[in-house]
Amino acid sequence: MLFKMAFRNLLRNKRRTLLTSLMMIGGYTFISMSLALVNGSYGQIISAFTEQYTGHVQVANNDFVENPSLQKTIAHYNDRINEIEKNDLVRIVAPRIYSEALLYSKNKTFGAEIVGIDPKREMDATHYDKRIFEGIPFDKDDTNYKAIIGKKIAKILSAKIGEDIVLISQGADGSIANDIFKIVGIIGTEQEGKDDYRVYLPLKTAAEFYTLYGRVHELSIHLKDFNKARNFAQNLHFTDKNLIARPWQIVESDFYRAMNADQRANNISIFILILMVGVGILNTILMSTLERTREFGVLKALGTLPKQLFSLILMEGIFLSLICTAVGLIFSLSLNYYLTKNGIVFSEPIPVAGTTISELRAQISLDSYLYPTLLIILTTLLATLYPGIKSSKIGVSEALREI
């Protein structure tokens, strides 16, 4: 009987029920869409940032990141790569050499970071060739003395494609390293980033220049799923105890903290939306309770128990929330599917964390639907507590005076 009464009460004032339902359905859909877009945007930003620069896991000497040195190297790196790539989670491993050098061109000098890369592996791992806006990438097996310089360096030294540039540094054996390199490319994006002040050399050329034959400073591991980076790094062990694997969350801790801070800010926005939906639900159910004061008095006069009146109000809220979450689920499934396939395309790329995003796509997960469902139902239950308690405590004489 209570079930039937609760359902009929929702249909008694169709306009009020419809307005509340629209608020709940809209709130559900908006929260679900927001979570899907947030997950998608963070996934895009993290993926773009890690794939372009750091990789998902880095293997290096245990204190190379804090105190970089030319001598802190990984020996027999090809064996390490073959061992790591046996894991099904790994997409590719890119070896790198890091150092510094003084650049000289046209009577101008500038200090820059030197990065030696395996042309083929680096292209597959970071797609560095897509960041070259002038010139060409290295050949896949390039061993010539070629260089790709950052756009800021090119501007400072007034260097152009096809010109020579002199690099002066120190080799790992203590000798003076200096040689002439031909500029074949200029690298950089619209937003200022790491590429701007770097000089890229073919790995074999860099190893010869710095007398690091058969050794590198870093192995950049690119996984098929960046979310598994932390667990992968924890389970990666080497016979050489000087080597350590670090996930991108540690290597780029500032970037990771910035992403977490942004997520917390977004959670606050969603919490405010939930409060607004909750206030709307509370208003509807409370007004419904006040309008039916006489009815509750009659029911109590006929012997209806207070707990039965409380249950009646609670059931109305449960019915309303279940119906609205079901409809909201249908709307959000359709909308999120569209945003996953088509996304939101920006008229101009947006610079974020040293990279750019030209479109925003949703990423569908169970959380995108589970959280809104739980939040709407729990918010509705909380919003019905006060009206339910008020109706159960109403006095018969007080209620009948409303007649």
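Rule-based calculations on the coordinates, nothing more; no lab input. Remember, it's a predicted structure, so these values are computed and weren't measured experimentally. Note: ideal-geometry Cβ built from the backbone for every residue, glycine included; neighbour counts use all protein chains shown.
Quick notes on this one:
- The calculated 222 nm mean residue ellipticity attributable to helices in the chain amounts to -16500 deg cm²/dmol, summing -39500 (n - 2.57) over DSSP H runs of n ≥ 4 and dividing by all residues.
- Inter-label distance, nm, simple model (7 Å from Cα along the C-beta direction), His127/Asn67: 3.9
- Relative protection proxy for 322-331, 255-264, 76-85, from highest mean packing down: 322-331, 76-85, 255-264 (other beta-carbon atoms within 10 angstrom).
- Fully extending the segment from Met276 to Lys86 would add 63.2 nm, taking 0.36 nm per residue of separation and subtracting the current Cα-Cα distance.
- Of all DSSP beta bridges in the chain, antiparallel share, percent nearest 5: 80
- Cross-link partners for Lys228 among the lysines, with Cα-Cα distance under 30 Å and sequence neighbours closer than 8 places in the same chain left out: Lys72, Lys86, Lys120, Lys130, Lys140, Lys194, Lys241, Lys341.
- With both residues required to sit in region 91-216, DSSP beta bridges show an antiparallel share near 70%.
- Length available on full extension from Arg257 to Leu18: 0.36 nm per residue minus the Cα-Cα distance, which gives 81.8 nm.
- Rounded to the nearest 20, the Cβ-based charge dipole of region 91-216 about its Cα centre (Lys and Arg +1, Asp and Glu -1) stands at 180 debye.
- When the Gaussian network model of the chain links Cα atoms closer than 10 Å, the mean-square fluctuations of Ala206, Ala177, Ala301 top out at Ala301.
- Compactness of region 91-216 is given as radius of gyration and Dmax, 13.4, 44 Å, from Cα positions.
- Footprinting exposure proxy for Glu252, Glu291 (fewest neighbouring C-beta atoms within 10 Å first): Glu291, Glu252
- You can think of it this way: the chain between Glu190 and Asp141 has 14.7 nm of extra reach, that is 0.36 nm per residue less the Cα-Cα gap.
- Annotation: peptides 130-137, 147-154, ranked by per-residue average of other Cβ atoms within 10 Å with the highest first, follow the order 147-154, 130-137.
- Spatially proximal lysines relative to Lys106 (Cα-Cα < 17 Å; intrachain offsets below 8 disregarded): Lys151, Lys152, Lys155, Lys160, Lys182
- Peptide ranges 214-224, 183-193 listed from the most packed, as the mean C-beta count within 10 angstrom indicates: 214-224, 183-193
- Farthest towards the positive end of the charge dipole of region 140-235, among the residues Asn235, Ala177, Tyr145, is the Cα of Asn235, using unit charges on the Cβ of Lys, Arg, Asp and Glu.
- For region 59-116 and region 181-247, distance of Cα centres in Å: 5
- Taking other C-beta atoms within 10 Å as the exposure proxy, Met276, Met315 rank Met276, Met315 from fewest upward.
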